[in-house]
Amino acid sequence: MYRSQELCVTGQRLSDTNTYSPRSEGKVTDFRIIGKPVPRHDARDKVLGLARYAEDFSLPGMLFAKVMRSQYASAKIESIDTSIAEKLPGVKAVLTARDVPKNETVAQFGRSSTERGFESIYRVLADRKVHYIGEPVALVAADTEETAERAVNLIKVKYESLPAVFDPLLAMEAGAPQVEDGRSNIITHFEVVKGNIDEGFSEADVIVENTYQVPFVDHAYMETECGVAWVDDDGVITLRVSTQVIDHFRSVADILGLPHNQVRIIAPYVGGGFGGKEDITVESFIALLAYKTRKPVKLVYSREESILCHSKRHPYILEYKVGAKRDGRLTALKVRLVSDAGAYAYLSPWVLLYSTGAATGPYRIPHVRVDGYTVLTNNIYTSANRGFGAPQVCFAYESQMDELAASLNMDPCEIRMINYLSQGESLAFGQILKTHVALPETTKRAYEALGKKVPSQGGMRRGRGIASGMTSYGRMLFLHDTSRSHVSIEMDGSVTIRAGIQDIGGGQASSLCQIAAEILGVPLKDVKIYIGDTALTPLSGMTTATRQLCMSGNATLMAAKEVRKTLLKKAGELMREDPETLDLVDREVIANEDPEKRLDIVDVVRACAAEGLPLYHLALYKAPSRDLTQIERIEGDIFADFTYGSHAVEVAVDLETGKVTVLKVIACYDVGKAINPQSVEGQMEGGAIYGLGYALTEEVIIQEGVIKTPSLSEYLVPTSLDIPKVQTILLESGDGTGPFGAKGVGEPSVNSIAPAISNAVYDAVGIRIRGLPLTLEKVMRAIGEKESPHPGSKTNIATSDSVGRNQARQNLLKGQAKDSSDLERR
Amino acid sequence: MKEKKTYSLEFMVNGEREKVEIRPGETLLYVLRERLGHTEVKEGCGKVDCGACAVLLDGRVVNACLTLALQANKKKVVTVRGIGTPERPHPLQESFIKHGAIQCGFCTPGMIVTAKALLDENRRPTREEVRRAISGNLCRCTGYKKTVDAILSVAEKKESV
């Protein structure tokens with residue numbers, strides 16, 4: 001049965017689907033606020049210029065901080081002399097690793113007892129050794145920014161250069177320079193094993209084998225990392241900081257050697273996150289300086305500092321070998337993934353776990369072997385970035401599906417349809433897909449919406465591509481995720497939510513307001529939400545992993561329902577009606593049977609208050625959980641649920657310049673239930689363009705550990721002139737784990753756009769580029785090679801780019817060391 | 001010989017007369033944000049790549065991050081707070097809300113300032129002209145579609161007035 005129902009196609013709303021009634025059990029009534037494209041409560045402040053971000057906050061006597069950073073990729077610190085810097089008038093503190101009460105901590109995630117294999121060192125300041133260019137070495141606080149900057153330049157550090165390694169494949173070799181003393185460069189290995197891989201390939205009529213590469217990527221949120229810290233009453237270290245994770249208050253307390261209840265973190269509205277504000281950024285620096293000086297301290301990264309020093313999306317080398325029968329059915333898949341973790345592990349093992357699990361894509365494959373490795377190098381560290389390891393493998397598996405289609409002379413949509421997993425089937429590692437798998441619909445709808453094909457003209461070749469994928473939302477099951485939300489109703493009938501969420505622009509806070517307004521029958525404007533404060537809002541967990549709507553939405557729904565129950569019970573007594581037959585609508589209690597019978601919500605609230613009944617509820621939502629059975633081999637249920645979707649695109653490739661222009665993007669996703677369709681569209685449109693940058697222009701170019709794209713002049717994010725027509729199609733299966741059956745879309749919306757574009761380029765000009773981004777140079781070179789192919793060149797290697805690189809690597813491995821510039825990415 | 005260290009800057013910001021003593025190298029962005037408390041003017045890059053700091057200087061859009069404050073002497077500066085107020089929001093601001101053209105909101109002040117300048121000059125721009133006008137204002141969240149829609153919808157209304 002066709003289970004998903006269409007909610008809307010951008011611009012033309014077709015139908016609303018109500019799969020669940022919040023207000024009267026067993027009776028479906030219309031939602032008033034859920035599912036409506038209502039304006040967000042924070043929009044007004046944002047358009048009027050009234051919203052105050054972390055850097056817009058100052059306190060009397062505030063100092064300014066600067067970070068002194070390593071200019072070496074690998075070196076021993078012989079000595080640090082801060083004496084001249086300290087004497088500079090206006091300088092209030094200069095700190096090095098020795099001054100940090102606990103300079104090294106092991107990052108903790110979740111509440112699982114089974115997280116061995118995921119440990120990652122967080123080192124506040126380099127001690128004895130630096131591991132990458134940009135690693136923090138010393139901190140300064142001074143009365144002006146200029147003085148702080150001058151002081152940084154007066155700190156004398158004596159380094160002794162050490163051997164470094166920048167290529168993850170070389171870093172895996174025996175005898176490679178060790179990035180972290182006493183630790184193997186290979187941080188983690190994960191595997192997925194199903195069936196017998198050799199048997200699978202022997203059954204295959206066709207085998208496609210290729211190596212793909214994806215680059216370092218910056219989050220490039222418009223607001224750089226920033227925050228202010230001060231010592232508040234009772235000595236509480238308080239931080240107002242741009243972050244996705246206020247829960248870092250625990251780590252900050254550990255670093256300062258203080259009890260956890262002596263550090264408070266407040267997250268105001270955040271100017272973009274995309275995973276880059278998931279790890280600690282400025283928190284420990286400003287906390288240490290405020291603690292030391294007892295004065296407020298502000299730190300705002302410049303754009304250059306942000307690009308040079310915060311985490312990046314992992315580059316991967318993805319070796320894919322897939323086999324299929326003549327009719328298109330997949331028989332076997334063998335994958336080897338190597339991700340560059342940079343100099344510190346951070347979330348690399350977690351990202352790799354996602355990638356390894358997602359490496360098969362949403363396909364039915366009888367025989368599978370996936371090996372994933374994440375490796376330390378002396379590059380900038382890598383960590384979470386929207387999609388968390390999913391878009392990397394999606395680029396590879398969706399390119400492979402297209403290549404398979406081409407070699408079998410099949411339609412790219414058809415070969416996918418044949419192989420998509422269905423509800424009830426399981427992924428290669430054994431996780432059963434328990435909810436609706438909408439991929440056949442999303443593929444069909446997305447591709448059809450491209451409309452009539454426009455023929456190519458002259459040197460502009462048109463092509464079309466499709467790509468699909470699945471992305472998990474919610475944290476992994478062994479992390480035992482929880483969220484808390486507190487809902488109360490005031491004496492005038494207005495409603496207050498307190499939830500320790502971070503709103504990074506996705507409408508995280510606003511959706512909670514909609515949920516409370518719906519359940520308590522008040523207009524949206526009567527709901528006020530307080531967010532992001534570890535001292536005053538119940539902890540709701542991080543805004544990461546596309547978890548917030550699902551987790552805090554469910555917690556808010558639970559809390560609001562409890563308050564509703566109290567109100568309706570009392571109203572039932574007052575109205576002499578069965579509470580089950582009452583509803584809350586527009587600040588009134590109404591009897592379903594007799595709409596003339598009404599009672600003002602304020603009268604009910606007063607009656608409850610007079611009796612001392614609780615007009616609030618603190619709810620704890622616990623996600624389903626399951627511990628890992630073992631660490632290295634991925635088995636069974638790991639992920640909470642998945643969001644399925646497809647991108648169809650049309651491109652024009654200029655044969656003269658190699659420029660790829662994306663003309664149209666159709667994004668079709670099963671969103672479960674759109675709590676706010678306008679916000680969901682916003683995620684899908686924004687996600688498509690975020691992924692378009694990944695496909696075409698974005699690459700943090702790093703040579704010998706030096707970032708060559710240090711500003712937004714070199715690191716090119718899409719502008720309004722680079723965007724195609726984007727159409728979004730929202731399907732609602734009502735099958736998600738979030739409130740009212742909602743699924744998460746924030747990260748999934750990025751997933752499959754890059755391979756869709758790459759597939760469209762193949763359709764247009766018959767070239768296959770296996771390394772992102774698809775720059776003009778790569779396209780021109782590939783067109784040139786296609787016209788005059790090298791005799792004997794193997795089809796399984798991407799572009800001459802990666803041929804050169806692979807060759808250089810081989811030479812190096814053989815000991816025929818060449819100049820290291822051979823290893824350069826460009 | 002004593003060098004003159006500060007200069008007197010007199011200008012109008014959102015209709016209010018301001019007089020501040022500044023050092024010659026101070027940027028308009030610095031003076032607006034740090035000396036006058038106009039935190040609605042954002043710094044996204046500090047070198048004219050992103051447009052988050054866009055303000056109107058005598059009606060023309062400038063990026064305040066690379067405009068010397070002294071260039072604003074005796075001139076009128078308008079920030080997003082001068083375009084509309086909580087009591088009287090500008091139609092552009094209403095339209096951004098209605099179209100959901102806001103996510104994290106960090107680029108929004110610069111975006112609205114740029115859009116205002118466009119509509120002041122060109123009452124009925126095409127979609128292409130809107131895209132071109134805001135091409136110096138980076139937004140990482142929205143993908144620009146709703147932003148362009150929001151601006152166009154005001155432009156069309158303006159024509160019918």
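The values are calculated or read from the model by the stated rules, or taken from the named source; none is laboratory data. Note that this is a predicted model, so its numbers are computed, not measured. When we count neighbours, we look across all protein chains shown, and the Cβ atoms used for this are built from the backbone with ideal geometry, even at glycine. The accessibility values were calculated without ligands, DNA or RNA, using every heavy atom of the protein model including side chains. Shrake-Rupley method; radii C 1.70, N 1.55, O 1.52, S 1.80 Å.
Please give the contour-minus-distance gain from A:M491 to A:K102: 0.36 nm per residue of separation, less the Cα-Cα distance, rounded to one decimal in nm.
Separation in residues times 0.36 nm, less the Cα-Cα distance, equals 135.3 nm.
Could you give the alpha-carbon Rg of the protein assembly as shown over 2.2 N^0.38 Å, rounded to two decimals?
0.94
Sum -39500 (n - 2.57) across every DSSP H segment of at least 4 residues in chain B, then divide by the residue count to get the 222 nm mean residue ellipticity, nearest 500.
Theoretical 222 nm ellipticity from helices: -9000 deg cm²/dmol.
Under the √(5λ) rule applied to the eigenvalues of the Cα gyration tensor, what semi-axes describe the equivalent ellipsoid of region A:61-162? Give them in Å, descending.
Semi-axes, largest first: 29, 18, 10 Å.
Convert 4 °C to kelvin, take the viscosity as 1.567 mPa s, use the Kirkwood radius over C-alpha pairs of region A:491-612 as Rh, and evaluate the Stokes-Einstein diffusion coefficient in µm²/s, rounded to a whole number.
Answer from the Stokes-Einstein relation: 85 µm²/s.
Evaluate 2.2 N^0.38 Å with N set to the residue count of region A:539-580, then give the Cα radius of gyration divided by it.
My calculation over the Cα atoms of region A:539-580 gives 1.69.
Over all directions, the average projected area of the alpha-carbon convex hull for region A:140-222 comes to how many nm²?
Computed as one quarter of the Cα hull surface, the answer is 12.1 nm².
Given Cα pairs under 8 Å that are at least 6 residues apart, what percent is the relative contact order of chain A?
This gives 16 percent for chain A.
Over chain B, what is the mean sequence separation of C-alpha contacts under 8 Å (at least six apart), divided by residue count, expressed as relative contact order in percent?
Answer for chain B is 23 percent.
Can you give the extra length, in nm with one decimal, that the chain gains between A:D234 and A:E635 once fully stretched, where that is 0.36 nm per residue apart less the Cα-Cα distance?
139.5 nm
Can you give the Rg to Rh ratio for region B:7-81, taking only C-alpha atoms and Rh from Kirkwood?
Ratio of gyration radius to Kirkwood radius for region B:7-81: 0.91.
Kyte-Doolittle mean at least -0.5 and Cα extent at least 20 Å along the axis: which DSSP H helices of chain A qualify?
A:390-408, A:548-575, A:677-696
Could you run the Debye sum over the Cα atoms of region A:438-494, one equal point scatterer each and no solvent, and tell me log10 of I(q)/I(0) at q = 0.12, 0.17, 0.19 Å⁻¹, two decimals?
Debye curve over Cα of region A:438-494, log10 I(q)/I(0) at q = 0.12, 0.17, 0.19 Å⁻¹: -0.66, -0.80, -0.87.
Between beta-carbons, use under 14 Å as the cut-off and find the net charge around A:I197, counting Lys and Arg +1, Asp and Glu -1.
Charge balance in the 14 Å sphere: -2.
With every protein chain in place, what's the accessible area of A:S426 (1.4 Å probe, Å², nearest 10)?
For A:S426, the solvent-accessible surface is approximately 50 Å².
Over region A:414-520, what per residue volume does the convex hull of the Cα atoms give, in whole Å³?
Value for region A:414-520: 229 Å³ per residue.
Which value in nm describes the separation of the simple spin-label points at A:V602 and A:S407, placed 7 Å from the Cα toward the beta carbon?
It works out to 7.4 nm between the two label points.
Can you give the Kirkwood hydrodynamic radius for region A:281-337, in Å, rounded to one decimal and based on Cα pairs?
Computed over Cα pairs of region A:281-337, the Kirkwood hydrodynamic radius comes out at 16.2 Å.
At most 14 other Cβ atoms within 10 Å and a DSSP loop assignment: could you name the trypsin sites (Lys or Arg not before Pro) in region A:31-74 that fit?
A:R52
Are there trypsin sites (Lys or Arg not before Pro) in region A:298-339 that DSSP marks as loop and that have at most 11 other Cβ atoms within 10 Å, and which are they?
Passing sites in region A:298-339 are A:R326.
Measure off 7 Å from each Cα along the Cα-to-Cβ vector at A:E304 and A:V706, then give the distance between these two points in nanometres to one decimal.
1.4 nm
Would you please calculate the Kirkwood hydrodynamic radius of region A:702-785 over all C-alpha pairs and express it in Å, rounded to one decimal?
Averaging 1/r across every pair of different Cα atoms and inverting gives 16.6 Å.
How large are Rg and Dmax for region B:83-155 when only the alpha carbon atoms are used, in Å?
For region B:83-155, the Cα-based Rg and Dmax read 11.0, 32 Å.
Once you place label points 7 Å from the Cα toward the Cβ at A:E787 and A:R336, how far apart are they in nm?
About 3.6 nm, to one decimal.
Taking the Cβ-Cβ separation of A:S713 and A:Q71 as r and a Förster radius of 25 Å, what is the calculated FRET efficiency to the nearest 0.05?
Efficiency, rounded to the nearest 0.05: 0.70.
Would you kindly find the accessible area of A:F274, with a 1.4 Å probe and non-protein molecules such as ligands, DNA and RNA excluded, rounding to the nearest 10 Å²?
Rounded to the nearest 10, that gives 30 Å².
Any chance you could check the Cα centroid distance between region A:331-390 and region A:769-783 for me, in angstrom?
24 Å
Could you please report the charge total around A:V245, scoring K, R as +1 and D, E as -1 over all other residues with beta-carbon less than 11 angstrom from its beta-carbon?
The answer is -2.
Residues of the protein assembly as shown: accessible area per residue at 1.4 Å, in Å²?
37 Å²
For region A:88-241, compute Rg over Rh where Rg is the Cα radius of gyration and Rh is the Kirkwood radius from the inverse mean 1/r over Cα pairs.
Checking Rg against Rh, the ratio lands at 1.09.
Against the 2.2 N^0.38 Å scaling, with N counting residues, where does chain B land? I'd like the Cα-based Rg ratio to two decimal places.
1.08
Show that you can apply the helix-only estimate: for chain A, add -39,500 (n - 2.57) for every DSSP H stretch of four or more residues, divide by all residues, and state [θ] at 222 nm to the nearest 500.
After summing the helix terms and dividing by residue count, I get -8000 deg cm²/dmol.
Determine the distance separating the Cα centre of region A:556-627 from the Cα centre of region B:89-161; give it in Å without decimals.
Cα centroid to Cα centroid, the span is 42 Å.
Would you please name the GluC sites (Glu not before Pro) within region B:70-161 that are DSSP coil residues with at most 15 other C-beta atoms within 10 Å of their C-beta?
Within region B:70-161, the qualifying GluC sites (Glu not before Pro) (loop, at most 15 other Cβ atoms within 10 Å) are B:E87.
How much accessible surface area, in Å² rounded to 10, belongs to the heavy atoms of A:D600 with a 1.4 Å probe?
Per-residue accessible area (A:D600): approximately 70 Å².
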